[in-house]
Amino acid sequence: MKTLVVYYSKTGNTGTVAKELAQTMSAEIEEVIETKPKEGIVGMIIAGKDAALQNSTPINDLKHNVADYDLVVIGTPIWAWTMANPIRAFLEKNKPNLKKVAFFATMGNSGDKRAFSHMEKLSGLIPAAAISFIDGKVKNGEFKTALAEFGKKLTG
């Protein structure tokens, strides 16, 4: 199964998980990048507000064509109890080309279930699997066993 891991990461936690997952699954990887990043404290406040209001944001053109993949695993940090704005933009832009999806999230404490519900609605697909990781466990490496099991579930 040809797999692409797509992610957005502002602080590096989601990127850490995405890179580990792509390696575990022998998948290709694509980072979603905002074309107008929101920097600093004010930027974080604006991004959180936009996430809560379910606004998307301009993103880069992808290097990979998602239509070429059997499975796209989508990773997001949790902002205001939902997905990050760049992932919302990715899903809005790529919905017609997605065949099968899975989701993962990194978060301070909660919001993953709501985010996954929003991602499911935007993608129009029920995820093959979904998993979330607490930021502190990502930072100290305690996520790798659960991530490996998630990868195995996806590859069958």
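Here, each number is a calculation from the coordinates, and none is a lab measurement. Fair warning: this is a prediction, and the values are worked out from it, not measured in the lab. FYI the Cβ positions are ideal-geometry reconstructions off the backbone, even for glycines, and counts take in every protein chain you see.
Things worth noting here:
- The chain, relative contact order in percent, only Cα pairs under 8 angstrom and at least six apart counted: 24
- With the helix formula -39500 (n - 2.57) applied to DSSP H stretches of n ≥ 4, the chain reaches a computed 222 nm mean residue ellipticity of -12500 deg cm²/dmol.
- Mean-square fluctuations from a GNM of the chain, with a 10 angstrom spring cutoff on Cα atoms, peak among 60, 85, 140 at 140.
- Net charge over other residues, Cβ less than 13 angstrom from the Cβ of residue 66 (K, R count +1; D, E count -1): 0
- Label-to-label distance, nm, for residues given as residue 99 and residue 41 (7 Å Cα→Cβ offset): 4.8
- Bridgeable lysines around residue 121 (alpha carbons under 23 Å apart, same-chain partners fewer than 8 residues away excluded): 49, 93, 95, 99, 100, 113, 153.
- Mean-square fluctuations from a GNM of the chain, with a 10 angstrom spring cutoff on Cα atoms, peak among 28, 120, 39 at 39.
- GNM result for the chain, Cα springs below 10 Å: residue of 73, 101, 138 fluctuating most strongly: 138
- Answer label, with percent of Cα pairs over 24 Å apart calculated from the coordinates and candidates (1) 24; (2) 45; (3) 49: (1)
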